[in-house]
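> A single structure is presented below for examination.
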Amino acid sequence: MKKEVNLKVKSKFINKFKKGYPLIFKEAILNINDLEKEGQIINLVDEKGKFIAKGYHGRQNKGYGWVLSTKEDEKIDKAFFQKKLITALNKRSSFYNDPDTTAFRVFNGEGDGIGGLTIEYFDGYYVINWYSKGIYKFRDEVINSLKNLVELKGIYQKKRFDTDGKYVEQDDFILGERGEFPLVVKENGVNFAVYLNDGAMVGVFLDQRDVRRTIRDKYAKGRTVLNTFSYTGAFSVFAAVGGAKKTTSVDLANRSLSKTIEQFSINNIDYEAQEIIVEDVFDYFKYAVRKELKFEMVILDPPSFAKSKNYKFSAEKDYTSLLKDAIAITESKGVIVASTNCSSFNMDKFKMFINDAFKDTGVKYKVLEEFSLPSDFRTIKEFEEGNYLKVVFIEKLN
C-alpha cells in the first residue's frame with residue numbers, strides 16, 4: 001500500500017485540474033513540501049480539504065506528478081493499470097492488424113491516462129519507458145498487467161530519469177525471450193533495423209511515421225533530397241524508396257554513418273549511390289553555400305536543444321535562423337519539410353517562425369500540408385504540451 005498525501009491546490013488552479021489538466025506542478029500547490037518519496041499517492045484537494053483528483057508523485061521535467069483519476073474512491077492498483085492498458089490496446093487494434101507496420105506506440109502517457117509511462121511495440125517485443133522514479137514504483141503492476149493482456153516475445157525497459165544526479169539512459173531485458181539484434185521491423189512496408197538493447201534510442205522515432213510515408217508517396221520522386229540531423233537516415237530511406245534522385249544525409253554523430261548504411265542495406269538500396277556525411281549540420285550549410293549546392297527537398301528535424309563544439313541550438317530561439325539556412329540551399333519550387341518536437345510552443349508560433357524566415361530572406365512560399373502526432377500517439381486536448389510534434393511541408397516559390 002503506497003502512502004498517500006493531500007496536496008492543497010491554490011484556488012486559481014482548481015478549475016484547471018477539474019477540467020482535466022493532468023500535470024501536477026509546483027506553482028499550483030500550497031504545500032508542495034509535504035511530498036516525500038516518489039511513488040506516493042497524491043490527493044489534490046481545495047483549501048477546505050474537498051477532493052479534486054488523485055495521482056502519484058513523480059518528478060519529470062517541471063512536473064511533480066500526474067493526475068490519474070477524478071474518482072475519490074478509485075484505487076491505484078493492478079486493476080487500475082490493467083484497465084488503462086486494455087483501453088489503450090483496443091485503440092491500437094488497427095495497427096496490430098496491419099502486416100506492413102510492425103512498430104508503433106501502444107501506450108502514450110497522459111494521452112492514455114497515465115502520465116510518465118509509454119510503451120512501444122516492435123514485432124512482438126514491448127519496450128516500457130519509465131520517465132520518473134515515481135512511475136517506476138508501479139513497475140510490477142504495469143509489467144504484470146501487460147504480460148497478462150498480450151502475447152509477447154519479450155519485454156525490455158528504459159529508465160529515463162535521474163539517479164544520483166546522473167541521467168540514466170539505461171535499458172534492461174525484463175522477461176520472455178531475448179531479442180536477436182538488429183530486429184527488423186516494418187513501417188508502411190519499409191524495413192527498419194532496431195536495437196532494443198542499446199541505450200535509450202532504439203534506432204527510429206515512431207512519431208514521424210505519417211511524415212515519412214508522405215515524403216515517399218508524394219514528394220520524393222525525381223528529387224534530390226537533403227536530410228539534416230539525419231540520425232539513422234529514416235527520412236532518407238523513405239525518400240529513396242519513393243524514387244528520389246539522390247539522398248544526402250548529414251548528422252554530427254559518428255555512429256550515424258554505420259546506422260544509415262544499415263538502414264539502406266536492409267531495404268536493398270545501394271548506400272554507395274547515396275551520400276552519408278558525418279558533420280555538424282550548421283557547418284554543412286556553410287559548405288553547401290560555398291559550393292553553390294542546391295537541393296529539391298530539404299528535411300529539417302533538429303532536436304529541441306543541441307550543442308556541438310561550435311554551436312548551440314534551441315528550437316524556440318533559433319529555428320527561424322535554421323530555416324533561413326535551409327531556404328538558401330533549396331531550389332525554386334523545391335520543398336522544405338520543417339519539423340520540431342519542441343513542446344514549449346504550438347503550431348501557430350511555429351508557423352510564425354516559418355513566416356519570419358521567408359520574410360527575412362525575401363522569398364515567397366506556400367504551405368502544402370501539416371502534421372502532428374500520429375493516431376497511436378494519443379493526446380488529450382486538456383494538455384496541449386503533449387501534442388508536441390509539428391511538421392509543415394513548405395514549397396519555396398521563387
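The values are calculated or read from the model by the stated rules, or taken from the named source; none is laboratory data. Nothing here was measured: the structure is a model prediction, and the numbers come from that model. Ideal geometry is used to build each Cβ from the backbone, glycine not excepted, and the neighbour counts take in all protein chains shown. The accessibility values were calculated without ligands, DNA or RNA, using every heavy atom of the protein model including side chains. Shrake-Rupley method; radii C 1.70, N 1.55, O 1.52, S 1.80 Å.
> Residues to consider are Ser236, Ser265; find the one that is more than 19 Å from Leu323 (Cβ to Cβ), of a type in the set (Gly, Ala, Ser) and surrounded by 15 or more Cβ atoms within 10 Å (Cβ to Cβ).
Ser236
> Further question: Here are some conditions: (1) more than 29 Å from Cys342 (Cβ to Cβ); (2) in contact with a strand residue (DSSP E or B) (Cβ under 7 Å, 6 or more places away or on another chain); (3) open to solvent by 10 Å² or more (accessible area, probe 1.4 Å); (4) in a loop (DSSP other than H, G, I, E, B). Ile14 meets all but one. Which one does it not meet?
(4) is the only condition that Ile14 fails.
> Would you mind stating whether Glu110 is touching a residue at least 12 places away in the same chain (Cβ under 8 Å), in a loop (DSSP other than H, G, I, E, B) and either touching a Gly at 6+ places or on another chain (Cβ under 7 Å) or open to solvent by 50 Å² or more (accessible area, probe 1.4 Å) (or both)?
no
> Report, by residue number, each residue of the stretch 265-320 that is part of a strand (DSSP E or B) and over 20 Å from the mean Cα position of the chain (by Cα).
Filtering the stretch 265-320 for residues part of a strand (DSSP E or B) gives 275-278, 295-300, 305-307, 312-314.
Within the stretch 265-320, Glu275, Ile276, Ile277, Val278, Phe295, Glu296, Met297, Val298, Lys312 qualify.
> Next up: Looking at (1) touching a strand residue (DSSP E or B) at 6+ places or on another chain (Cβ under 7 Å); (2) open to solvent by 40 Å² or more (accessible area, probe 1.4 Å); (3) under 24 Å from Tyr195 (Cα atoms), which is the only condition Pro99 fails?
Of everything listed in (1) touching a strand residue (DSSP E or B) at 6+ places or on another chain (Cβ under 7 Å); (2) open to solvent by 40 Å² or more (accessible area, probe 1.4 Å); (3) under 24 Å from Tyr195 (Cα atoms), Pro99 misses just condition (1).
> Also: Condition first: more than 15 Å from the chain's Cα centre (by Cα) and buried (at least 24 other Cβ atoms within 10 Å of the Cβ). Now tell me which residues in the stretch 197-218 satisfy that.
Ile215
> Here is a follow-up. Of the residues that sit in the stretch 379-398 and are charged (D, E, K, R) and not in a helix (DSSP H, G or I), which one is nearest to Phe13 (Cα to Cα)?
Checking each candidate, the answer is Glu382.
> If you take the residues in the stretch 60-83 that are charged (D, E, K, R) and open to solvent by 70 Å² or more (accessible area, probe 1.4 Å), which one is farthest from Glu110 (Cα to Cα)?
If we take residues in the stretch 60-83 being charged (D, E, K, R) and open to solvent by 70 Å² or more (accessible area, probe 1.4 Å), then Asp73 is farthest from Glu110 (Cα to Cα).
> Separate question: Please verify whether Ile329 is touching a Ser or Thr at 6+ places or on another chain (Cβ under 8 Å) and touching a residue at least 60 places away in the same chain (Cβ under 8 Å), treating the condition exactly as stated. I'd like the intermediate steps shown before the answer.
Working: touching a Ser or Thr at 6+ places or on another chain (Cβ under 8 Å): no; touching a residue at least 60 places away in the same chain (Cβ under 8 Å): yes.
No.
> Another question about this same structure. Looking for whichever is β-branched (Val, Ile, Thr), in contact with a helix residue (DSSP H, G or I) (Cβ under 9 Å, 6 or more places away or on another chain) and either open to solvent by 20 Å² or more (accessible area, probe 1.4 Å) or assigned by the TED database to the domain that holds Tyr121 (or both) here; the options are Val335, Val289, Val298, Val281. Which one fits?
Val289
> Quick one: Gly20 ticks every box in (1) part of a helix (DSSP H, G or I); (2) farther than 25 Å from Ile143 by Cα except a single one, so which number is it?
(1)
> I'd like the residue in the stretch 242-256 that is among the aliphatic types (A, V, I, L, M) and open to solvent by less than 70 Å² (accessible area, probe 1.4 Å) and, out of all such residues, is nearest to Val202 (Cα to Cα).
Taking the candidates together, the pick is Ala253.
> Further question on the same structure: Just the residues that are touching a residue at least 60 places away in the same chain (Cβ under 8 Å), open to solvent by less than 50 Å² (accessible area, probe 1.4 Å) and part of a loop (DSSP other than H, G, I, E, B), please, taken from the stretch 358-378.
Selection gives Leu373, Pro374, Asp376, Phe377.
> Being among the charged types (D, E, K, R) and at pLDDT 95 or above: is that true of Asp98 here?
yes
> With respect to the numbered conditions (1) among the aliphatic types (A, V, I, L, M); (2) open to solvent by 20 Å² or more (accessible area, probe 1.4 Å); (3) in a strand (DSSP E or B), which one is the sole condition not fulfilled by Ile86?
Of (1) among the aliphatic types (A, V, I, L, M); (2) open to solvent by 20 Å² or more (accessible area, probe 1.4 Å); (3) in a strand (DSSP E or B), only one is false for Ile86: (3).
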